[in-house]
């Protein structure tokens, strides 16, 4: 090596603009979307509307947390909306005191019920069993996740229709309804106006929002800081390599369907409490919104890549988009078109980033 060669400065590291966009695109798009809607509709950024957005997406968000685990293993669950309907009806019936009393309405109905605790456990139990059955079929019967959960979507919806007996179950006791409609006063730092930045104000935060955030934090810790979380990423990244490394791949895959079943049951309980009603048509179309939230948040449909933080951002983004379009009086049919286009673009961008990494 000559003296002149040694004197040449090292080339500065190249900035991977596409990689940065892939990492922060959901957050950037969310902030841009909020800025655009706030200009078009001054009422968009009011605390009342923002908490309304969060309350609306809380059930979607709980389901999206579970879907993140599934998609990280390169799986899919199309049955989540139907399972929400069935689990919600079971929870409602338990709250009413059983199947025979599920349509009872009156002052004495509270005495017949088993309480919100058993109702919540019943909903979660139904979700966990449903998720386990699907996970078992995928891992033991070797049926593709798309086919299993497509069949599950029909089975659970049929079970909900049969259980409902042709009508909704409504009129729950106040303790049950509180989990969907209640609020908790929380001191939060003021962010606007700037002269009062940092001062504490008391804000009534909806209970579903607190439930959503709490489980999002827990799921983030599980994926990022536990052995099980590393196993989920490993199985999604390369299942054969994970198997050769000694991981029980079938157990991991089955477990993620149990997890999404848990969140389907929890979401069903919160949804029934929020609406003060449970019916067989609940959860219709949730599959699209939940999968969109996860994919837009950066979780790859090919498995092995994604975060709970991204899913939370994707969920809020979908809620902001729907809320902003409603405030602008855009047709709900157009809203479905917009969400569908965003899903396709998100997957196309993910595919582009992966192909670029392979050729780099």
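Laboratory data are not the source of any read-out in this text; all were calculated from the coordinates shown. Just so you know, these numbers come straight off a predicted model, no measurement behind them. Please note: Cβ atoms are built from the backbone with ideal geometry, for glycine as well, and neighbour counts cover all protein chains shown.
Given R₀ = 25 Å, FRET efficiency for residue 147-residue 241 by Cβ-Cβ distance, to 0.05?
0.50
I'd like the projected area of segment 45-346, averaged over all directions, using the convex hull of its alpha carbons. Report it in nm² with one decimal.
17.4 nm²
Sorted by average packing, counted as other Cβ atoms within 10 angstrom per residue and highest first, what order do 126-136, 220-230, 76-86 take?
76-86, 126-136, 220-230
Can you work out the FRET efficiency for the pair residue 352 and residue 302, with r the C-beta to C-beta distance and R0 = 22 Å, to the nearest 0.05?
0.95
If I stretch the segment between residue 250 and residue 344 completely, what's the gain in nm (0.36 nm per residue apart, minus their alpha carbon distance), one decimal?
30.9 nm
Can you tell me the length gained on complete extension of the stretch residue 333 to residue 154, counting 0.36 nm per residue apart and subtracting the Cα distance?
62.0 nm
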